[in-house]
1. Here's a check for you: in the range B:304-334, which residue that is within 17 Å of the chain's Cα centre (by Cα) and within 17 Å of residue B:166 (Cα to Cα) is surrounded by the most Cβ atoms within 10 Å (Cβ to Cβ)?
2. Mind listing just one residue for me: the one in the range B:33-57 that is free of Cβ contacts under 8 Å to residues at least 12 places away in the same chain and within 14 Å of DNA strand D (Cβ to nearest atom) and, of those, nearest to residue B:20 (Cα to Cα)?
3. State yes or no: is residue B:20 modelled with pLDDT of 95 or more, farther than 30 Å from residue A:87 by Cα and either in a loop (DSSP other than H, G, I, E, B) or within 11 Å of DNA strand C (Cβ to nearest atom) (or both)?
4. Only one of B:65, B:82 is modelled with pLDDT of 95 or more, closer than 30 Å to residue B:223 by Cα and away from DNA strand D (no atom under 13 Å from the Cβ); which?
5. Report yes if residue A:128 is at negative phi and crowded, with 18+ Cβ neighbours inside 10 Å, otherwise no.
6. Does residue A:60 satisfy the criteria of being closer than 29 Å to residue A:136 by Cα and either surrounded by fewer than 20 Cβ atoms within 10 Å (Cβ to Cβ) or more than 9 Å from DNA strand C (Cβ to nearest atom) (or both)?
7. Specify the residue that is farthest from residue B:78 (Cα to Cα); the eligible residues are those in the range B:269-278 that are more than 13 Å from every other protein chain (Cβ to nearest Cβ) and in contact with a strand residue (DSSP E or B) (Cβ under 7 Å, 6 or more places away or on another chain).
8. Under 6 Å by Cβ, and 6 or more places apart or on different chains, what pairs join a residue from the range B:111-122 that is outside the structural domain of residue B:53 (by TED's automatic domain parsing) and on the phi < 0 side of the Ramachandran plot with one that is surrounded by fewer than 18 Cβ atoms within 10 Å (Cβ to Cβ) and modelled with pLDDT of 80 or more?
DNA sequence: AGCGCTCTCGGGAGCGCTCCCAAGGAGGGG
DNA sequence: CCCCTCCTTGGGAGCGCTCCCGAGAGCGCT
C-alpha cells in the first residue's frame with residue numbers, strides 16, 4: 001500500500017492539508033485532530049516522500065560535504081575522518097542527510113557545480129581544505145548556494161567559515177617550548193598555500209618573538225601534510241641540531257618522530273617535539289606527543305549548524321568563527337629541562 | 001531565470017518531451033533535432049531538477065553508505081576512510097550521489113529505516129561492519145530496498161555481498177610464518193561476533209594444520225579492532241613466549257608492536273609479526289609490517305557496482321563476491337630464520 | 001442581533017519531471 | 001495508388017507534496 005498525505009487523511013477523516021500541517025508541526029490544528037492524525041501516522045509508519053517534498057518546497061533536507069581532490073592522497077590523515085564524524089553527527093541530530101563529495105581529480109571537482117548544485121541536489125555545502133585562490137570557492141561565491149568553509153579562506157569577505165585558532169595554538173606551542181628552556185627551536189610547517197600553514201607559522205613566530213627567541217632560517221622548513229614529508233623534513237633539519245621542533249600537524253610529527261627514531265635521536269631526551277592537531281595517533285606514538293589539540297569534530301558540527309542557519313535564513317551576515325585550541329602536555333617534551341632552568345633561576 | 005524542460009524546449013523550438021528524450025539519451029530523436037537541443041542545453045547550462053525527476057521516476061540517483069554505531073569508536077581505523085574513498089570514487093563515475101550515514105547510537109541507527117528508507121531518500125544502501133544477527137540487516141532483508149553488504153553477513157542467503165578472502169589471506173599468513181621456520185605461533189584475533197574475526201581465525205588454523213603446527217590455547221587471544229586492544233593482547237601473550245604472532249588487523253598489530261617495543265622485544269629479531277589489511281600505517285611503522293593486503297577501495301567500488309546493478313535490475317540473483325588478498329612481505333618477519341632453517345636442512 | 005475577528009480546515013494550483021498515448025509524416029509493399 | 005507500419009514528435013496525466021486562498025464556525029464586542 002502506497003502511503004500518501006491524501007491516504008492518511010482519508011484514514012483519519014481529514015484532508016491532505018491537515019495531515020500536512022500535523023507532519024510539519026504547524027500550529028493551527030485542533031489538539032484532538034492532531035492526535036488522531038498522529039495516531040494514524042505512527043500506526044502506518046507513514047513518512048512524507050522526500051522527492052515530492054523538495055519539489056514542492058524547494059528544500060531538499062540534504063547538505064553536501066565537499067573534500068577537494070588535493071586531499072585524496074592525504075586522506076589517511078585522521079583529521080578528515082574526525083571531521084566527517086562531527087559533520088555526520090550534527091546532520092543526524094538535525095534530521096538532515098549528508099551527501100559526501102570526495103573528488104580525486106580536478107575534473108570531478110568541476111562537475112560539482114553542474115551536477116550537484118545546478119540540479120538542486122543539496123540545500124548547501126560545507127567545503128574543506130580549500131587552498132589559496134581556490135576556483136571551487138570562487139565558483140561558490142559567485143553562485144547563490146549557501147556554503148560554509150572549514151578553515152579560513154584566503155579571501156574571507158562575505159564567506160562564512162569556522163576555523164581552529166591556528167595562530168593562538170601555534171603561539172602557545174612555541175611559548176611552551178620556550179618555557180621549558182628550549183632555545184634553538186625548529187619548525188616543520190604546513191604548506192603556505194593553505195591558510196592553516198600560514199597561520200600556524202605566524203603563531204609560531206609570534207611565540208618565539210614573545211620570549212625573545214629568534215627563528216633561524218636553517219631551522220625552518222615545510223612539509224605537505226603527509227607523514228612522509230614530516231619524515232623528510234626532520235631529516236633535513238637534523239644537521240642544524242635543533243633542541244626542539246614544532247611540527248605543524250600530528251601526522252607530519254609522526255613522520256618526524258620516525259626519522260628521529262631511525263637516526264637514534266631520543267625524544268624527549270635528545271630533542272623536544274611538539275605538534276598540532278591532537279588526533280588519536282598522537283597519543284599512541286612512542287613517546288606520546290605533546291600537541292596543541294583542536295576540536296575537530298566540534299568544528300564539523302559547528303559548520304553544519306552555521307550552514308543550516310544560512311539555509312533557513314536565521315543567519316543573514318557572514319559569520320567567522322574561531323574554535324579554541326588546547327595545549328595537551330604528554331611525553332615528547334622534556335620537563336626535566338624546565339626543572340634545570342628553574343633551579344638555575346632560583 | 002528558472003530553467004525547465006519546457007523552457008529549453010521553447011528555446012530550441014521543440015516540446016518538453018523531446019528535450020527530455022535528449023537529456024535521457026533516448027534514441028527516437030532526429031540527429032539534427034538532438035543537436036539543436038544539445039546546443040541550447042550546453043549554452044544555458046541546464047540541468048534537470050533532481051527532485052522532480054525522482055518524484056516522477058521513482059529513482060533518486062542517490063545511494064547510501066551505512067556505518068553502524070559500533071564502529072564509531074574504531075573510526076580511526078583507516079579501513080573506513082579507504083572504503084569510503086572507494087565507494088565515493090565509484091559513485092562519481094556512475095554520476096550517483098553518495099549519502100553517508102554514520103551512526104553513533106543504536107537509536108540513530110533505528111532511525112535509518114523510517115527516516116531514510118521510508119522517505120525514499122535513496123535507491124539502495126551499502127552496509128558495512130555488520131555483526132552476527134545484526135538487526136539492521138534483518139530489517140533490510142524484510143524490506144524491499146536494494147542493498148549490498150561489505151563483509152560476509154552471518155546469514156547470507158538472499159543477500160548480495162562483497163568480502164575479502166579472509167580465510168585464504170589468513171591461511172597464507174600462517175603458512176608464511178611456518179615457511180620461515182616459526183613454530184610457536186601466536187594469534188591475536190578480531191572479535192568472533194564478526195564474520196571477519198571468524199574467517200581469519202579459521203584461515204589461520206587451517207594454515208597451521210597444513211604445516212602440522214598445532215595451535216596452543218595459551219597463544220591465542222582476541223582484540224576488538226582497536227589499537228589499544230592489540231597492545232593489551234600482546235602483553236597477555238608475552239608470557240607464553242611465542243616465536244611469532246599473527247595479528248588479525250593492522251591497527252591491532254600497531255598496538256601489539258607498541259607493546260613489544262615497550263617490553264624491549266625486538267621485531268623481527270626476537271619475534272616475528274604479521275598482520276592483515278595492508279593499510280597505509282602498516283608501511284610506516286618501525287619495522288614496516290609484513291601483512292596480508294586486502295583491496296579495500298576496490299571492495300568499496302565493487303559494492304557500488306553491485307548495488308547499482310541491483311537497483312536497475314541488471315542483477316536478479318544475489319551475488320557473493322570475494323576479493324583476493326595478497327601477502328606483502330616487509331620487515332616484521334625474520335627472513336634470517338628461514339636462512340637458518342634452510343641451512344640446517346642443507 | 002449584528003459585526004468583525006480569529007481559529008480551523010479543505011481544496012485548487014502548481015513544483016518539473018517521466019510515462020504513455022496518439023497524431024502526423026515518411027516509406028515500403030501489394 | 002492505397003494501406004499498413006515505423007519513426008518522430010507533442011501533449012495530457014500524473015508523481016506527492018507545499019502554499020495559498022477562502023469558507024465556515026465560534027467568539028467577544030458594540
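The values are calculated or read from the model by the stated rules, or taken from the named source; none is laboratory data. Every value quoted in this text rests on a predicted model; they were computed, and no experiment measured them. Cβ atoms come from the backbone with ideal geometry, glycine included; neighbour counts cover every protein chain shown.
1. My answer is B:325.
2. Residue satisfying both the conditions and the ranking: B:53.
3. yes
4. B:65 is the lone residue from the list that is modelled with pLDDT of 95 or more, closer than 30 Å to residue B:223 by Cα and away from DNA strand D (no atom under 13 Å from the Cβ).
5. So residue A:128 passes the test.
6. Against the criterion (closer than 29 Å to residue A:136 by Cα and either surrounded by fewer than 20 Cβ atoms within 10 Å (Cβ to Cβ) or more than 9 Å from DNA strand C (Cβ to nearest atom) (or both)), residue A:60 qualifies.
7. Across the range B:269-278, the extreme among qualifying residues is B:271.
8. Close Cβ pairs (under 6 Å, with a partner that is surrounded by fewer than 18 Cβ atoms within 10 Å (Cβ to Cβ) and modelled with pLDDT of 80 or more) amount to B:113/B:139.
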